[in-house]
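**Q** Here's a structure for you.
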Amino acid sequence: MTTVTFKVELPADVDEQEILVTLATILYNEGKLTLKQAADLARLSVEDFLLELGKRKISFTNITPEELREELEEISSN
């Protein structure tokens, strides 16, 4: 994987950790990063990143409602 490094100047009262977590959750939600990559970007363990996703009401799965419906139908038919 190729990486890019960039520098952003922010006001002193903006929390760097919050920016990293926010960026990581956005990129994860858009499918740009894996769960592990997003957790690493946020400087969190995978478990703590999953908790952050929950706090922000972001699904940690990439399953669509239709796929979920199909899975549930398959389970109930067995």
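**Q** Residue by residue through the stretch 20-78, note down the ones that are over 23 Å from residue 10 (Cα atoms), of a type in the set (S, T, N, Q) and assigned to a helix (DSSP H, G or I).
**A** 29, 37, 76, 77
**Q** Restricting to the stretch 6-36, and then to whatever is touching a residue at least 24 places away in the same chain (Cβ under 8 Å) and of a type in the set (S, T, N, Q), can you tell me which residue is surrounded by the most Cβ atoms within 10 Å (Cβ to Cβ)?
**A** First, pick out the residues of the stretch 6-36 that are touching a residue at least 24 places away in the same chain (Cβ under 8 Å): 17, 21, 24-25, 28-29, 31, 35.
Then drop every residue that is not of a type in the set (S, T, N, Q), which leaves 17, 25, 29.
Values: 17: 10, 25: 20, 29: 16.
Per the stated criteria, the residue is 25.
Since every read-out is calculated from the coordinates, none of them should be taken as a lab result. All values reported here derive from a predicted model rather than from experimental measurement. Virtual Cβ from ideal backbone geometry, glycine too; neighbours counted across all protein chains shown.
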